[in-house]
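Below is one structure, written out as structure tokens, with a few remarks after it.
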Amino acid sequence: MNRRLECLGCLLLVLIWTVGKARAAEKSAGELLPASVVAYVEVPQPAKVLDVVFDHPLARQLQQQPEYKAAQQTPQYEQLQAAIQKAEGALGQPWRKAAAEIGAGGLFFGVDLTTRGVVALAAASSEAQAAKGRDAMLELSRASAASIKENEHRGVKVHEIGDAGFAAVGNWLVASNKRALVWQAIDNYQGHSEPLARDEQFQSVLKARTGQPAAWLYADLRLLKLIPGFRQAIDKKSDNPPVELLAGGIIGSIPDAPYVTAALDRNPAGVKLTVALPCKPSDTAKKREFYLGGEARGVAPPLLRPQRTLLSAATYRDFASLWRHAPDLFDDGINAKFAEAESNLTTLFAGRNFREDILGNLHPGMRLVVTRQEFPPDGITPAIKLPAGAIVVRMKSPEETAKIFKITFQSVVGFLNVTGGMNGIDPLDLNSEKVGSALIVSGEYLPPRDAAKRKEAPLHYNASPAAAFVGDLFILSSSRALAVELAEQVQREAPASAGVNTSLVLDAAVGQAALADNRGPLIAQNMLEKGHDRAAAEQEIDRVLALLKNLQRSSLQLAVKEAGLELTLEVLLASQP
């Protein structure tokens, strides 16, 4: 197995080098790939991708980690180095230098539905160049002690290693884990078969593509739907409510979507992945109105950005509609749990029907905020500092609903005091106050009796649960300070962005600071779990914290457009000195 992996790694290096000599190919990759290819990937400039991966400061930091250095001493790493040396010997130059010569030819990959194989193609500058690449592959395979057979298909030499094979055909170097795919590429090159490039949908998608992504993917969902049981698996009732909440609208759009594309863009600041699913969102909304809204016009509320925000999310979700249509969305087991939960929640809300009186009195849309907490120097500081979190929803009938929520919150605080007292936890002191136009109801734990513990207080002192009421908005927070800040912010927030169904922003810098706040407890946990002495534990935790400083922010957005759904994921790296 190791020899086979070594061989495949060497073959890939040769493919990259061959592309480096590419200027123009007599046929496109689509003209060589069979029509049964269900996924097509192209990397126009793989050398630049390699430069980003290997030359970024984060990569150099990773190479200095003890774990990386330990991996360099393993037999697997030695085998990899041996494979690289063989590749460099066959190519006549260092592999990074060879990769740096990559031109416009690019690397291409296809995933075939019929053979269930993967084929890689590299464009070469000439037939002689492609033949040289094939010969280098052959030498590397022999050096790896692989069992090689030489056959011929339509006058073209095909070298086979088990089920895999590779060949040079015209200006192309072709390699696959299924030799039948190599044969098909030869057939298509010589015009004996129907290639992917003649597919009208593939042609139109290529023509409509914009920009110059570092990598691009096209998947033909029409072919996937031919797999027995595929459509039934997509259409069957869910047994996972969280997945339905997070991705139900996307999953529900797949059966009617002809294809999906993904583009990976890179720049010095980070990377962005854009996934497009052409469909009719209004049709999907007929079954999943809770996710997209009526006629797919549901819009997420604007993001909230209090100080020290670690995570901010906003989404359009109609929980009343989800609960009401649960029999159509979920299987019998989940619906039984829904019925049980509704009964228990009705009791919690003083006999009000949870689906109709509680969820039914909330507008669609919810916001979630997580922040790093700061504790006053003269106050109580927990030994382990946890982030604070809050959710924000809008009430349809605030005069009535706010009273229900206030009474329920007070009842929950009373229940926590009873159960906490049974476990030796200090009680919450319940308070009600007006802050501007907001009503804040909050609980605060009584200080520890031992004054020495006020700077190393138990975990529950992270919480000062609060419920805030601002006009028709209800804020439920684990921290009074966060509730007050949000109550002020929601009164001057910007309007919602049209077409945005879900937004999420994660601030990695704040996350790193929140972990640094707990450096002491993390070191103690490391010593306990790994048996390190304090110096070793400190070094390991500090290395992790230093690595996290390379990340700045990540964001996710789901947009609903007339032509379909678009999901965008962006990761930004911290600027380097």
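The values are calculated or read from the model by the stated rules, or taken from the named source; none is laboratory data. The model shown is predicted, which means the values in this text are computed figures rather than measured ones. FYI the Cβ positions are ideal-geometry reconstructions off the backbone, even for glycines, and counts take in every protein chain you see.
Filter the range 388-408 for residues that are hydrophobic (A, V, I, L, M, F, W, C) and either over 36 Å from the mean Cα position of the chain (by Cα) or not in a strand (DSSP E or B) (or both); which is surrounded by the fewest Cβ atoms within 10 Å (Cβ to Cβ)? Write out each step before concluding.
Applying the first criterion (hydrophobic (A, V, I, L, M, F, W, C)) to the range 388-408 yields 388, 390-393, 395, 402, 404-405, 407.
Subset that is either over 36 Å from the mean Cα position of the chain (by Cα) or not in a strand (DSSP E or B) (or both): 402, 404-405, 407.
Numbers: 402: 20, 404: 17, 405: 21, 407: 12.
So, considering only residues that are hydrophobic (A, V, I, L, M, F, W, C) and either over 36 Å from the mean Cα position of the chain (by Cα) or not in a strand (DSSP E or B) (or both), the one surrounded by the fewest Cβ atoms within 10 Å (Cβ to Cβ) is 407.
Do the conditions hold for residue 257, that is, is it over 19 Å from residue 333 (Cβ atoms) and either free of Cβ contacts under 8 Å to residues at least 40 places away in the same chain or crowded, with 16+ Cβ neighbours inside 10 Å (or both)?
Yes.
When the range 165-192 is examined, which residues are found to be free of Cβ contacts under 8 Å to residues at least 24 places away in the same chain and assigned to a strand (DSSP E or B)?
Result: 165, single match.
Tally time: how many residues in the range 363-398 are farther than 30 Å from residue 520 by Cβ and in contact with a Phe, Trp or Tyr (Cβ under 6 Å, 6 or more places away or on another chain)? Before the answer, list the steps.
Residues of the range 363-398 that are farther than 30 Å from residue 520 by Cβ, as a first pass: 363-367, 391-398.
Filter once more, so that each one left must be in contact with a Phe, Trp or Tyr (Cβ under 6 Å, 6 or more places away or on another chain): 364-365, 393, 395.
Qualifying residue count for the region: 4.
For the range 206-237, name all the residues that are surrounded by 16 or more Cβ atoms within 10 Å (Cβ to Cβ) and either touching a Pro at 6+ places or on another chain (Cβ under 9 Å) or not in a helix (DSSP H, G or I) (or both).
213, 214, 215, 216, 217, 218, 219, 220, 221
Is there a residue in the range 158-175 that is surrounded by 20 or more Cβ atoms within 10 Å (Cβ to Cβ), at pLDDT 95 or above, under 24 Å from residue 214 (Cα atoms) and among the β-branched types (Val, Ile, Thr)?
No; the residues of the range 158-175 include none that is surrounded by 20 or more Cβ atoms within 10 Å (Cβ to Cβ), at pLDDT 95 or above, under 24 Å from residue 214 (Cα atoms) and among the β-branched types (Val, Ile, Thr).
Filter the range 282-306 down to the residues that are more than 16 Å from residue 498 (Cα to Cα) and out of contact with any Leu (no Cβ under 7 Å at 6 or more places or on another chain) and list them by number.
Kept after step one, since they are more than 16 Å from residue 498 (Cα to Cα), are these residues of the range 282-306: 283-290, 304-306.
Residues satisfying the conditions are 283, 286, 287, 288, 289, 305.
Of the residues 492, 449, which is under 30 Å from residue 557 (Cβ atoms), free of Cβ contacts under 8 Å to residues at least 24 places away in the same chain and surrounded by fewer than 20 Cβ atoms within 10 Å (Cβ to Cβ)? Working first, answer last.
Details: 449 fails: under 30 Å from residue 557 (Cβ atoms).
So the residue among 492, 449 that is under 30 Å from residue 557 (Cβ atoms), free of Cβ contacts under 8 Å to residues at least 24 places away in the same chain and surrounded by fewer than 20 Cβ atoms within 10 Å (Cβ to Cβ) is 492.
Condition first: under 19 Å from residue 440 (Cβ atoms) and aromatic (Phe, Trp, Tyr). Now tell me which residues in the range 376-421 satisfy that.
Correct list: 405, 409.
Can you tell me which of (1) in contact (Cβ under 8 Å) with a residue 40 or more places away in the chain; (2) in a strand (DSSP E or B) is the one residue 411 doesn't meet?
If we test residue 411 against (1) in contact (Cβ under 8 Å) with a residue 40 or more places away in the chain; (2) in a strand (DSSP E or B), just (2) comes out false.
Considering only helices (runs of 4 or more DSSP H) fully contained in the range 1-80, which possess at least 2 residues that are among the aliphatic types (A, V, I, L, M), under 27 Å from the mean Cα position of the chain (by Cα) and at pLDDT below 85? Steps first, please.
Working: elements: 2-20, 29-32, 46-55, 57-63, 66-71.
Correct list: 46-55, 57-63.
Out of the range 313-328, which residues are surrounded by fewer than 21 Cβ atoms within 10 Å (Cβ to Cβ) and either touching a Ser or Thr at 6+ places or on another chain (Cβ under 9 Å) or not in a helix (DSSP H, G or I) (or both)? If you could, list the steps in order and put the result at the bottom.
Quick first cut of the range 313-328, residues surrounded by fewer than 21 Cβ atoms within 10 Å (Cβ to Cβ) only: 313, 319-321, 323-325, 327-328.
Listed by number, the residues that qualify are 313, 325.
Looking at the range 433-473, which of the residues that are hydroxyl-bearing (Ser, Thr, Tyr) and part of a strand (DSSP E or B) is farthest from residue 408 (Cα to Cα)? Spell out the reasoning first.
Restricting attention to the range 433-473, the residues satisfying the condition of being hydroxyl-bearing (Ser, Thr, Tyr) are 437, 442, 445, 461, 464.
After this cut, where a residue has to be part of a strand (DSSP E or B) as well, the list is 442, 445.
Details: 442: 13, 445: 19 Å.
So, considering only residues that are hydroxyl-bearing (Ser, Thr, Tyr) and part of a strand (DSSP E or B), the one farthest from residue 408 (Cα to Cα) is 445.
Looking only at the range 88-146, how many residues end up being at pLDDT below 80 and of a type in the set (Val, Ile, Thr)?
1
Cβ-Cβ below 7 Å, separation at least six or inter-chain, first residue in the range 550-577 and touching a residue at least 60 places away in the same chain (Cβ under 8 Å) and farther than 18 Å from residue 262 by Cα, second charged (D, E, K, R) and part of a strand (DSSP E or B): which pairs?
572/553
Taking residue 310, is it among the aliphatic types (A, V, I, L, M), within 27 Å of the chain's Cα centre (by Cα) and in a strand (DSSP E or B)? Write out each step before concluding.
Values: among the aliphatic types (A, V, I, L, M): yes; within 27 Å of the chain's Cα centre (by Cα): yes; in a strand (DSSP E or B): yes.
Criteria met by residue 310.
Looking for whichever is under 28 Å from residue 47 (Cβ atoms) and not hydrophobic (A, V, I, L, M, F, W, C) here; the options are 252, 229, 170, 248. Which one fits?
Working: 252 fails: under 28 Å from residue 47 (Cβ atoms); 229 fails: under 28 Å from residue 47 (Cβ atoms); 248 fails: under 28 Å from residue 47 (Cβ atoms).
Just a single option satisfies the conditions, and that option is 170.
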